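Undergrad: One structure coming up, written as structure tokens, with questions to follow.
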Amino acid sequence: MTHMRDRLPHKGLEAWKWSDLRGVVGEAPIEGLEDRMKLRLWNYIDFSDGPQPAPRDDAMGQISSAFGGDAISYVVPEGAQPESPLELSQFSAGNVRIRVELKAGARLQVREGYGTTDGGFSNVEITYVVHDGAELDRIVTTAKDIDPGVLHVRAHVTLWNDAKFNQTQLTFGGKFTRLETRIACMGAVEVEMSGAYLLDGKRHADMTNYIDFAAPGSTVRDAVAGVVTDASRGVFQGKFHVRRPAQETDAEMRHDALMLSDRAKVNAKPELEIYADDVECAHGNTVGQLDESALFYMRQRGIPLGQARAMLLEAFVVARLGDDEAMAEQVRGWLEARA
Amino acid sequence: MLKIQNLTATVDDGAKTILNGLSLSVPAGEVHAIMGPNGAGKSTLSYVLTGRDGYDVTDGTVTLDGDDLLDMEPEERAAKGVFLSFQYPLEIPGVPTLTFLRTAMNAQRKARGEEPISAPDFMKRAKSLAKDLKIKAEMLRRPLNVGFSGGEKKRMEIFQMMMLEPRFIVMDETDSGLDVDALRIVADGVNALRSPDRGILIITHYQRLLDYIVPDAVHVLSSGAIKASGDADFAKRLETEGYDAYA
Ligand SMILES: Nc1ncnc2c1ncn2[C@@H]1O[C@H](COP(=O)(O)OP(=O)(O)O)[C@@H](O)[C@H]1O
Ligand SMILES: [Mg+2]
């Protein structure tokens, strides 16, 4: 299927200029699901099958429908609030499409865990529709110690009135990793997004968030933290697109990265496109190094350099990632092994 | 205890000499004060003693109980008992004060081959010292020095010092920015630490701290060297006469 390679987005496209998917895929096979995706449900929830997602006409959308076949589709009924999360895990190669719909007042946590195989190509298109007053917690992690392959995950999230969406993403990158989240705010909604990428070797990770405000009164917080070392590359692209009716939008976007090596790279593009006049939108972006004087202060108190570095980095990442203990533990493990 | 001989230190790859043949001895059990004009090299001395990057020692020696300090990493010097109360304490974002201090204490203990302090023992000591220093429990849970006022930071330096019980203490202008009440609290803390096997070097601009902590000797540091020494009364004379005679 090598001709598919020619359809892949490449660095000549603005939205992919720092994440050259075509350049990296090479001869990797592009294939279907082949039973490699498991959807795990930890307790019985009366999900019904849902409709197929609308077709998407861009290259990644076409590839996932051509090779992924029918989407896996679930509906969480009105008002249902299962206590256990929906787990999507053990996916390591192929194309898959998923659709999850939360009816009004429903509440669900989804934990997506992705991996890749060496030289593999994983492509996930996931659609969430969150109806009035429903709340979705989405937690995305990519495997820490994997043979790095190519992973592309794109979520399309539609939020209706009074919906809440909380997203936490943690990645250690891969040969190529892109986690893209596209949100449409169709009513007054609340969104909290946090993410962190920790990269070493020649790994690559891209967090791209696009938020489209179509109605008044939404609140969005989006914070991404990055730590890059060796010759790795981190990419952050964030955009708030505030349409004319979306008055009283209150939206903030932050990206902060620390570079631990001269050879590492960070590319960041926070963007605002605003057509409404009564809004509060802000973005901030910093790329820096660990504070040498703080490190000296810690060493003067007896904390060895490596441990001092790990403490500052952990604080930096965890402050932005929120208080998910399992994730904090993963972050700690990664930092300790590299401090 | 601390012996500094002919210490010469430069910055900017030797372009600028800041310490210029400085010699000083602080015997165990004594408190010495260093006074001197702005830019004399007082903070530089404190950094060279503690091993901060950016300074090249081009001549001289520094020993603590006969061990060569200049050969050690900053954390090794700390484990040997060298403590610096910073003129400008650093902010450590995201690391709660007590977490920081317990990590530091246990890192020092580990380096000395000692057992870590138990959590209850640590908390007991922290609580009682915080009370003595009038530090609120709430402050100990906040990230170290983040958003603290100048005075709070200085008090926190003393708190760390008393928790860590160092053997040799350097205090760099701990008194500046403190009101009289805070000054007294700090002085009480330092006086409590005076002991036959501990040495203390107080760098200060003002004689007033030395009313509370009476030093065994007072030295004038000017242009990177000790230019004169005397007893506690010498500090009073310096304050009225200034340092012009020692330039
Ligand atoms: N890292 C440095 N690079 C260049 N000049 C320095 C550096 N540190 C100190 N100095 C200079 O050395 C002199 C002594 O500084 P410092 O030790 O801070 O003086 P003091 O504490 O006595 O006021 C000053 O002229 C200061 O500007
Ligand atoms: Mg100074």
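Undergrad: Run the reach check for B:Lys124 against aspartates and glutamates, Cα to Cα strictly under 13 Å, same-chain hits fewer than 8 apart removed. What comes back?
TA: Correct list for B:Lys124: B:Asp132.
Undergrad: Next up: Rounding to the nearest 20 debye, state how big the charge dipole of segment A:290-339 is about its Cα centre with +1 on each Lys and Arg Cβ and -1 on each Asp and Glu Cβ.
TA: With Lys and Arg at +1 and Asp and Glu at -1, about 280 debye.
Undergrad: For chain B, give the magnitude of the charge dipole about the Cα centre (Cβ charges: +1 Lys/Arg, -1 Asp/Glu; no others), in debye to the nearest 20.
TA: Value, rounded to 20: 960 debye.
Undergrad: While we're here: Taking H as built 1.01 Å from N, whose amide H comes closer than 5 Å to the amide H of B:Ala40, not counting residues under 5 places away?
TA: Distant-sequence amide H within range of B:Ala40: zero hits.
Undergrad: On to the next question. Scale the Cα Rg of the protein assembly as shown by the rule-of-thumb value 2.2 N^0.38 Å and send over the ratio, two decimals.
TA: 1.21
Undergrad: Per-residue mean of other chain beta-carbon atoms within 10 angstrom of the beta-carbon, peptide B:90-97?
TA: The shielding value for this peptide is 6.
Undergrad: Compute the distance in nm between two label points, each set 7 Å from the Cα along the Cα-to-Cβ direction, one at B:Ser229 and one at B:Asp53.
TA: Taking the simple label geometry, B:Ser229 and B:Asp53 are separated by 3.5 nm.
Undergrad: Sticking with this structure for a sec: Read phi for every residue in segment A:169-179 and hand back ³J(HN,Hα) as whole Hz from Karplus 6.51 cos²θ - 1.76 cosθ + 1.60, θ = phi - 60°, with x for Gly and Pro.
TA: Couplings: 10, 9, 9, 10, x, x, 4, 7, 9, 10, 10 Hz.
Undergrad: What percent antiparallel are the DSSP beta bridges of the protein assembly as shown, to the nearest 5?
TA: Rounded to the nearest five, the antiparallel share is 20 percent.
Undergrad: Zone of B:Lys3 (label point 7 Å along Cα→Cβ, backbone N under 19 Å): which residues in segment B:220-246?
TA: Within reach of a label on B:Lys3, which here means backbone N under 19 Å from a point 7 Å along Cα→Cβ, segment B:220-246 contributes B:226.
Undergrad: Anything losing 20 Å² or more of accessible area from the isolated chain to the full protein assembly: pick those residues out of segment A:305-321, probe 1.4 Å, ligands and DNA/RNA ignored.
TA: With the partner chains in place, segment A:305-321 has these residues losing at least 20 Å²: A:Gln307, A:Met311, A:Leu312, A:Ala315.
Undergrad: Now for a different question. Ordered by residue, what ³J(HN,Hα) values in Hz, to whole numbers, does segment A:210-227 give under the Karplus form 6.51 cos²θ - 1.76 cosθ + 1.60, where θ = phi - 60° and Gly and Pro are x?
TA: Per residue, the Karplus-derived 3J(HN,Hα) values read 10, 10, 10, 9, 10, 9, x, x, 8, 10, 10, 10, 9, 10, 10, 10, x, 10 Hz.
Undergrad: Taking the Cβ-Cβ separation of B:Asn38 and B:Met123 as r and a Förster radius of 41 Å, what is the calculated FRET efficiency to the nearest 0.05?
TA: 0.50
Undergrad: To the nearest µm²/s, what D does Stokes-Einstein give for segment A:290-339 at 4 °C and 1.567 mPa s, using the Kirkwood radius over alpha carbon pairs as Rh?
TA: In µm²/s, the coefficient is 116.
Undergrad: Still on this model: For A:Cys185, A:Cys281, write out the residues from largest to smallest accessible area, computed with a 1.4 angstrom probe and no ligands counted.
TA: Listed by decreasing accessible area, they come as A:Cys281, A:Cys185.
Undergrad: Further question: Which whole-Hz ³J(HN,Hα) couplings does segment A:155-161 yield from phi under the Karplus relation 6.51 cos²θ - 1.76 cosθ + 1.60, θ = phi - 60°, glycine and proline marked x?
TA: 10, 10, 10, 10, 10, 9, 3
Undergrad: Putting +1 on Lys and Arg Cβ atoms and -1 on Asp and Glu Cβ atoms, find which of B:Met139, B:Gly41, B:Ala235 reaches farthest to the positive end of the dipole of segment B:2-246.
TA: B:Met139
Undergrad: Can I ask one more? Let's test the formula: R0 of 35 Å, r as the Cβ-Cβ distance of B:Ser149 and B:Ser25. What FRET efficiency results, to the nearest 0.05?
TA: In this case the efficiency is close to 0.45.
Undergrad: If you don't mind, another one. Quick query: amide H of A:Lys265 versus all other amide H atoms, modeled in the peptide plane; which residues come in under 5 Å with a sequence gap of 5 or more or a different chain?
TA: A:Ser232, A:Arg233, A:Gly234
Undergrad: If you keep only loop residues by DSSP, which GluC sites (Glu not before Pro) in segment A:285-332 have at most 12 other Cβ atoms within 10 Å of their Cβ?
TA: Within segment A:285-332, no GluC sites (Glu not before Pro) qualify (loop, at most 12 other Cβ atoms within 10 Å).
Undergrad: While we're on this one: What total accessible area, in Å², is buried where chains B and A meet, using a 1.4 Å probe and rounding to the nearest 100?
TA: The buried area between B and A, both sides summed, comes to about 1900 Å².
Undergrad: Follow-up. Could you give me D for chain A, from Stokes-Einstein at 20 °C and 1.002 mPa s, where the hydrodynamic radius is the Kirkwood radius over C-alpha pairs? Units µm² s⁻¹, please.
TA: D, rounded to a whole number, is 104 µm²/s.
Undergrad: What FRET efficiency do you get for B:Glu115 and A:Glu292 if R0 is 56 Å and r is their Cβ-Cβ distance, rounded to the nearest 0.05?
TA: Using R0 = 56 Å, I get an efficiency of 0.95.
Undergrad: Once label points are set 7 Å from the Cα along Cα→Cβ at both A:Arg182 and B:Asp132, what is their separation, rounded to one decimal in nm?
TA: Result for the modelled spin labels: 6.5 nm.
Undergrad: Oh, and also: Count, for each residue of B:46-53, the Cβ atoms from other chains sitting within 10 Å of its Cβ, then give me the mean as a whole number.
TA: 3
Undergrad: Output the relative contact order of segment B:52-176, whole-number percent, from Cα pairs under 8 angstrom with separation of 6+ residues.
TA: 40
Undergrad: Continuing with this model, one more query. Students often get this wrong: which residues of segment B:131-166 have the backbone nitrogen under 12 Å from the point 7 angstrom along Cα-to-C-beta of B:Ala192?
TA: B:131-135, B:158-165
The values are calculated or read from the model by the stated rules, or taken from the named source; none is laboratory data. Please read these numbers as outputs of a predicted model, since none were measured by experiment. As a convention, Cβ positions derive from the backbone with ideal geometry for all residues, glycine included, and neighbour counts pool all protein chains shown. Surface areas here come from the heavy atoms of the whole protein model, side chains and all, with no ligands, DNA or RNA. Shrake-Rupley method; radii C 1.70, N 1.55, O 1.52, S 1.80 Å.
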